[in-house]
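Notes follow the structure.
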Amino acid sequence: MPVPSRSANFADLLDARFAKVFDNQYRQLPDKLPDLYDIVDGASAPTRDVYRQSSVGSFGDIPEFTGTVVYDDVNQGYDSSITPKEYASGFQVERKLWDDDLSGIMDAKPQGLALAYQRTRQKHGASVFNNMTSVDTTWNNNTENVALCSDSHTTTAAGVSTTAGFDNLVTSALSAVAMAAARIQMVGFRGDRGERIGVMPNALLHPPDLYHLAFEIVESAGQPDSANNNANVHEGKYKLIEWNYLTDTNNWMLLDTVMMKQMLKWVERVSKEFAMVEDFDSLLGKWRLYARYGLGHRDWRWLLGASVS
């Protein structure tokens, strides 16, 4: 398609015999980012170029008092930095086509940039989950340098065993049994000193392909796929979050949404901006959209991911 759009390429828009010309626009999918991310605007970021986060570990058990207070110390945890990237696109149309368009298509076309922007954001937001088994440094750098979902997470605390409670990756296909096992694993997550922490899984994130199965697991009163009328322990316990931008049709994720909002950040450095100008000599109308944002996680303990082969 030539750039800019010219009359010669859109004859239908100039022909009065065409009573209606349908624009190539579709219903947009729901915006899931506010459901999953803590969205931080640019004014809340401590620096203009990079959003930095750090963590400090927890205290150990309180010892018996034997006459003198024993003072504890905490460990410096891993650091996370999110570097927003710039995104921009534009649209050009000649003055003649704009004036003579009988359908109003060209007049409405610049708003298509906003629709494309929303789609782009959804893809970027979903990338955290689509790339959960790899170290994705597109925007985020975490000094642990381990994939978001991994069976080999580490700690900065000395002498702490990571044999148990530091694994948030499974490979089981979605089922009621797999959900029960995932919940047990998730509530067993350990903090930096190997102590139990209060993880409360309450949401299931899944692609459209698993909608029927996910609904059956969470909404059935009786045990799914069982001849017995045993109670379903999952009934009503999880919010179902279906996201069309999850690219693997088999993968699913168990979430603690309260902790997720503390750990999963979307830094909106510059919200979408629109501008328009007409070139003086060429009489070309130009529209552009600009935005700047980044995303990433500070810690992994809000998520258990199933990477199903």
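The values are calculated or read from the model by the stated rules, or taken from the named source; none is laboratory data. Source: prediction; values computed, not measured. Don't worry about glycine lacking a Cβ; one is built from the backbone with ideal geometry, like all the others, and counts go over all protein chains shown. The protein model used for the area step is the full one, side chains on, heavy atoms only, and it has no ligands, DNA or RNA in it. Shrake-Rupley method; radii C 1.70, N 1.55, O 1.52, S 1.80 Å.
Restricting the search to helices (runs of 4 or more DSSP H) fully inside region 171-278 and requiring at least 1 residues that are free of Cβ contacts under 8 Å to residues at least 24 places away in the same chain, on the phi > 0 side of the Ramachandran plot and of a type in the set (Phe, Trp, Tyr) gives an empty result.
So that you can scan it fast, the table gives a plain yes or no per residue for (1) outside any loop (DSSP other than H, G, I, E, B); (2) among the small types (Gly, Ala, Ser); (3) at pLDDT 85 or above; (4) buried (at least 17 other Cβ atoms within 10 Å of the Cβ):
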{"residue": "70", "(1), (2), (3), (4)": "no, no, no, no"}
{"residue": "92", "(1), (2), (3), (4)": "yes, no, no, no"}
{"residue": "116", "(1), (2), (3), (4)": "yes, yes, yes, no"}
{"residue": "129", "(1), (2), (3), (4)": "yes, no, yes, yes"}
{"residue": "137", "(1), (2), (3), (4)": "no, no, yes, no"}
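Each residue in region 164-222 was checked for being buried (at least 18 other Cβ atoms within 10 Å of the Cβ), farther than 30 Å from residue 74 by Cβ and in contact with a Gly (Cβ under 8 Å, 6 or more places away or on another chain), and 2 pass. Being buried (at least 16 other Cβ atoms within 10 Å of the Cβ) and farther than 30 Å from residue 80 by Cα holds for only one residue in 289, 264, 284, 304, and it is 284. Yes or no: region 169-181 includes at least one residue that is small (Gly, Ala, Ser) and in contact with a His (Cβ under 7 Å, 6 or more places away or on another chain). Looking through region 169-181, at least one residue is small (Gly, Ala, Ser) and in contact with a His (Cβ under 7 Å, 6 or more places away or on another chain). Of all the criteria given as (1) modelled with pLDDT under 95; (2) open to solvent by 60 Å² or more (accessible area, probe 1.4 Å); (3) farther than 30 Å from residue 50 by Cβ, the one not satisfied by residue 272 is (3).
Quick grid of which residues meet (1) modelled with pLDDT of 65 or more; (2) under 27 Å from residue 281 (Cα atoms); (3) touching a Gly at 6+ places or on another chain (Cβ under 7 Å); (4) open to solvent by 80 Å² or more (accessible area, probe 1.4 Å):
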site	(1), (2), (3), (4)
3	no, yes, no, yes
56	yes, no, yes, yes
61	yes, no, no, yes
89	yes, yes, no, no
